[in-house]
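Right, one structure below, let's go through it.
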Amino acid sequence: MSELPAQIAIGLELALILNGAWLLWRVVFSPSARAERPAPRLNPWSISGTHFLLFLWCVVIGGLIFQLGLSQLLKHASLTTTERLIFVGGAFQFGMLGGIAFFRLILQRNAPIDPPLVTLHPALSGIATFLISLPLLNLVSIVWQSLLQLCGLPAEKQDLIDIFANAKSPGLLTYMIALATLIAPLTEELLFRAGIFRYARTRLPRWAALLVPALLFGALHANLASFAPLVALGIIFSLAYERTGRIGTTIIAHGLFNLNTIALILCGVTA
């Protein structure tokens, strides 16, 4: 692969990181930001513990039903092992999203309606959240990789990096990009931020409400090398959701983060 795309991608990434550092200073650490820190706009989730467990049950069962169902449909299909894993993994995401929709539209149909997922304000705040996350995550990643090396632990990259880098089928690559930038952000933000964090923030100590969904979010990706950065990303998304009160903010930020990662992989930066 030519080095030019990688060099351009690195230059653009550095520009994004610098913009993110400037936004981080202006929005979080500057004297004016600290003096005028707005109150959180996120409303409490008035739901019983039983209904919250039912919500989690719907998510897990929905994921398993879709995954097992597609596994049976593809049982005799002429697919490679990698292609089969991609489709079955995607089915679990679709199933979790279906479980969330079933709970919200059927079991909780009389509950108050939340604000729209995406409006102009969440779009702008989502972009800002994505940019702010970049310098923080790069710092966490450097520290985490050094710690893993110090402890003699493996720091193998995620399998998905090789899958994206070596994808030959345009159709399969398009499906994976759509899954990573649209379906996964929507599903995971509705589960971890609009679900677990929103429930926990009024029932657990603040540090636990931030940390628990972030740890689950990091563990979901099943990769030691990316665990700490993903935990940090989960905390950043929870803080952004709490501050804006709009889940669209973190859905957009999450989608942009995944799109940025994919772009770097395809340009050969992380290959």
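The values are calculated or read from the model by the stated rules, or taken from the named source; none is laboratory data. Values in this document were obtained by computation on a predicted structure and should not be read as measured data. When we count neighbours, we look across all protein chains shown, and the Cβ atoms used for this are built from the backbone with ideal geometry, even at glycine.
Condition first: surrounded by 13 or more Cβ atoms within 10 Å (Cβ to Cβ) and β-branched (Val, Ile, Thr). Now tell me which residues in region 47-93 satisfy that.
ILE47, VAL59, VAL60, ILE61, ILE65, THR82, ILE86, VAL88
Of these, ALA263, ALA222, ALA228, which one is part of a loop (DSSP other than H, G, I, E, B) and of a type in the set (Gly, Ala, Ser)?
Among ALA263, ALA222, ALA228, only ALA222 is part of a loop (DSSP other than H, G, I, E, B) and of a type in the set (Gly, Ala, Ser).
In region 148-158, how many residues are in contact (Cβ under 8 Å) with a residue 60 or more places away in the chain and assigned to a helix (DSSP H, G or I)?
So the count comes out to 1.
Among ILE47, ILE106, ILE100, which is the only one that is touching a Gly at 6+ places or on another chain (Cβ under 9 Å) and of a type in the set (Val, Ile, Thr)?
Just one listed residue meets the conditions, ILE100.
Quick check: is even one residue across region 179-193 part of a helix (DSSP H, G or I), in contact (Cβ under 8 Å) with a residue 60 or more places away in the chain, farther than 21 Å from PRO122 by Cβ and among the aliphatic types (A, V, I, L, M)?
Within region 179-193 (the criterion being part of a helix (DSSP H, G or I), in contact (Cβ under 8 Å) with a residue 60 or more places away in the chain, farther than 21 Å from PRO122 by Cβ and among the aliphatic types (A, V, I, L, M)), the answer is yes, since at least one residue qualifies.
Taking the stated definitions as given, is GLY20 surrounded by fewer than 15 Cβ atoms within 10 Å (Cβ to Cβ) and at pLDDT 90 or above?
When the stated conditions are applied, GLY20 does not pass them.
Just one of the numbered conditions (1) more than 24 Å from GLN158 (Cβ to Cβ); (2) modelled with pLDDT of 95 or more; (3) surrounded by 12 or more Cβ atoms within 10 Å (Cβ to Cβ) is not true of ALA15; which one?
If we test ALA15 against (1) more than 24 Å from GLN158 (Cβ to Cβ); (2) modelled with pLDDT of 95 or more; (3) surrounded by 12 or more Cβ atoms within 10 Å (Cβ to Cβ), just (3) comes out false.
So, of the residues in region 215-248 that are under 10 Å from the mean Cα position of the chain (by Cα) and of a type in the set (Gly, Ala, Ser), which turns out to be surrounded by the most Cβ atoms within 10 Å (Cβ to Cβ)?
Going through the qualifying residues, I end up with GLY234.
Tell me which residues, restricted to region 249-271, are surrounded by 23 or more Cβ atoms within 10 Å (Cβ to Cβ) and over 11 Å from the mean Cα position of the chain (by Cα).
THR249
Which one of these does THR202 not meet: (1) of a type outside the set (Lys, Arg); (2) at pLDDT 90 or above; (3) in a helix (DSSP H, G or I)?
The one condition THR202 does not meet is (3).
Just wondering, is there one or more residues in region 1-10 that are loosely packed, with under 13 Cβ neighbours inside 10 Å, under 25 Å from ILE196 (Cβ atoms) and either over 22 Å from the mean Cα position of the chain (by Cα) or touching a residue at least 60 places away in the same chain (Cβ under 8 Å) (or both)?
no
Within region 168-177, is even one residue closer than 25 Å to ILE10 by Cβ and in contact (Cβ under 8 Å) with a residue 60 or more places away in the chain?
Taking every residue of region 168-177 in turn, at least one turns out to be closer than 25 Å to ILE10 by Cβ and in contact (Cβ under 8 Å) with a residue 60 or more places away in the chain.
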